[in-house]
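Trainee: A single structure is presented below for examination.
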Amino acid sequence: MNSDNNGSPPVVHTAEEERVGDTAIEYTVEQIFERHGQEMIRRAKSVLRSDADADDVVQDVMLTIVRAPHLLDVVERLGAWLLSLVHRRCIDVLRGGARRDAKEAETPGGIRDVLPGRDPADIAESDETCRAIAQAIDRLDDELRTVFVANVLEEKTYREISRETRIPMGTLMARKARALATVRDDLARRGLVEPGRSKGDA
């Protein structure tokens with residue numbers, strides 16, 4: 001909370017604005033869903049008349065935030081922007097548009113998430129790579145390791161993990177993103193992948 005010297009009311013920054021790089025992405029996603037999630041779901045249901053489709057649309061919107069948190073930097077009225085985004089996605093659904101991003105909630109992860117340019121069989125046959133990945137996973141914080149192991153190694157979907165842990169899917173996705181970034185950075189330092197991408201990526 002800040003104030004200037006001319007007696008103006010203090011400026012109160014919302015949780016969405018108090019972001020410091022990638023380390024705040026999980027907090028941002030959780031807070032956004034807590035504040036706006038139910039309203040987003042109600043709007044989607046009112047348009048689609050389907051609980052399942054509404055949940056998918058809201059999940060799609062939350063995925064957009066997880067993948068591109070920088071979008072929040074240019075949003076002046078977050079609630080209105082989210083509802084507008086939800087409405088547009090609902091229209092896409094009614095028009096038969098694909099909801100590829102929303103399907104991620106039902107799609108299991110895998111080792112390809114770590115090294116997308118590598119064949120899983122080749123990864124499994126490389127003792128050096130397997131050992132490096134295992135060591136990188138061991139160094140993760142507990143909350144990051146839990147979702148990483150469940151989604152990437154056990155190949156569970158976000159929805160399955162959410163049901164088991166009672167953790168919102170948006171939070172799980174944020175933690176997975178942070179865990180992936182950490183593991184890839186670790187592998188890059190070992191020379192197993194190029195910084196910012198895996199060997200074998202196009």
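The values are calculated or read from the model by the stated rules, or taken from the named source; none is laboratory data. This is a predicted model, so every value here is computed, not measured. Positions of Cβ are backbone-derived with ideal geometry, glycine not excepted, and every protein chain shown enters the neighbour counts.
Trainee: Residues in region 111-125: is at least one outside the structural domain of residue 56 (by TED's automatic domain parsing), at pLDDT 85 or above and not charged (D, E, K, R)?
Mentor: Initial filter on region 111-125 (outside the structural domain of residue 56 (by TED's automatic domain parsing)): 111-125.
Right, trim to at pLDDT 85 or above and you get none.
Looking for residues that are outside the structural domain of residue 56 (by TED's automatic domain parsing), at pLDDT 85 or above and not charged (D, E, K, R), one finds none in region 111-125, hence no.
Trainee: Considering only residues that are among the charged types (D, E, K, R) and either closer than 17 Å to residue 30 by Cβ or surrounded by 14 or more Cβ atoms within 10 Å (Cβ to Cβ) (or both), which ones fall in region 46-78? Working first, answer last.
Mentor: Looking only at region 46-78, we keep the residues that are among the charged types (D, E, K, R), and these are 49, 51, 53, 55-56, 60, 67, 73, 76-77.
53, 55, 56, 60, 67, listed by residue number.
Trainee: Out of the residues in region 168-180 that are over 15 Å from residue 69 (Cα atoms) and of a type in the set (A, V, I, L, M), which is modelled with the lowest pLDDT?
Mentor: So, considering only residues that are over 15 Å from residue 69 (Cα atoms) and of a type in the set (A, V, I, L, M), the one modelled with the lowest pLDDT is 169.
Trainee: Search region 124-139 for residues that are surrounded by fewer than 13 Cβ atoms within 10 Å (Cβ to Cβ) and pair each with any residue that is among the basic types (Lys, Arg) when their beta-carbon atoms are under 9 Å apart and the residues are at least 6 apart or on different chains.
Mentor: Listed pairs, sorted by first residue: 128/190; 138/145; 139/145.
Trainee: Every residue in region 35-72 that is over 20 Å from residue 177 (Cα atoms), in a helix (DSSP H, G or I) and either of a type in the set (D, E, K, R) or not assigned by TED's automatic domain parsing to the domain that holds residue 88 (or both), please.
Mentor: 35, 39, 42, 43, 45, 51, 53, 55
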